[in-house]
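See structure below.
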Amino acid sequence: MSKTLLRWLVRATLCTSALAAQAQGASSPSDANPVPTARPDPLDAKASVPPLSYRSSFSRYRGLSDDKTVSWREANDAVARIGGWRVYAREAQQPESTPPATDAATSPKPGATGVDTAKPMPMPPGHGGHKTP
């Protein structure tokens, strides 16, 4: 380190220390006569201690019974109205999620026409596919 830099660092350290000491020494009139706080003796069985307070971690817990549950048939019917697993698969592939059609008249029901409307995924390079005998 150069001598100039070293001198500057020493001066800066001394000034900072002096300011910190001055700030600690400055006191208000109420701090002139601090009242010592008497701490109870931990070995004294008759010492007064503040009451303990306990708040359970589960006090704000909301159980499952608070929510309306649906039967498995209703859940399956809702998935069928939306379009089944194929809609979920398409949503996973889309960069932006768009709400699917929920109208029962416009959304196809799985197996209703007998034609699979899902587009097959392209084969990865080097994969010949499954061969039937």
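The table for this structure:
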{"quantity": "Any hit, region 54-63, residues being at pLDDT 70 or above, of a type outside the set (S, T, N, Q) and over 31 Å from the mean Cα position of the chain (by Cα)", "calculated": "no"}
{"quantity": "Check on A89, surrounded by 10 or more Cβ atoms within 10 Å (Cβ to Cβ), part of a loop (DSSP other than H, G, I, E, B) and at pLDDT 85 or above", "calculated": "no"}
{"quantity": "From the options P110, P95, residue that is touching a Phe, Trp or Tyr at 6+ places or on another chain (Cβ under 9 Å) and at pLDDT below 85", "calculated": "P110"}
{"quantity": "Pairs with Cβ under 6 Å, 6+ apart, first in region 79-91 and farther than 18 Å from K119 by Cα, second of a type in the set (D, E, K, R) and surrounded by 15 or more Cβ atoms within 10 Å (Cβ to Cβ)", "calculated": "none"}
{"quantity": "Single condition M121 does not satisfy, out of (1) at pLDDT 70 or above; (2) not in a loop (DSSP other than H, G, I, E, B)", "calculated": "(2)"}
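The values are calculated or read from the model by the stated rules, or taken from the named source; none is laboratory data. Note that the structure is a prediction, hence the values are computed from the model and not measured. Backbone-built Cβ (ideal geometry, glycine too); neighbour counts: all protein chains shown.
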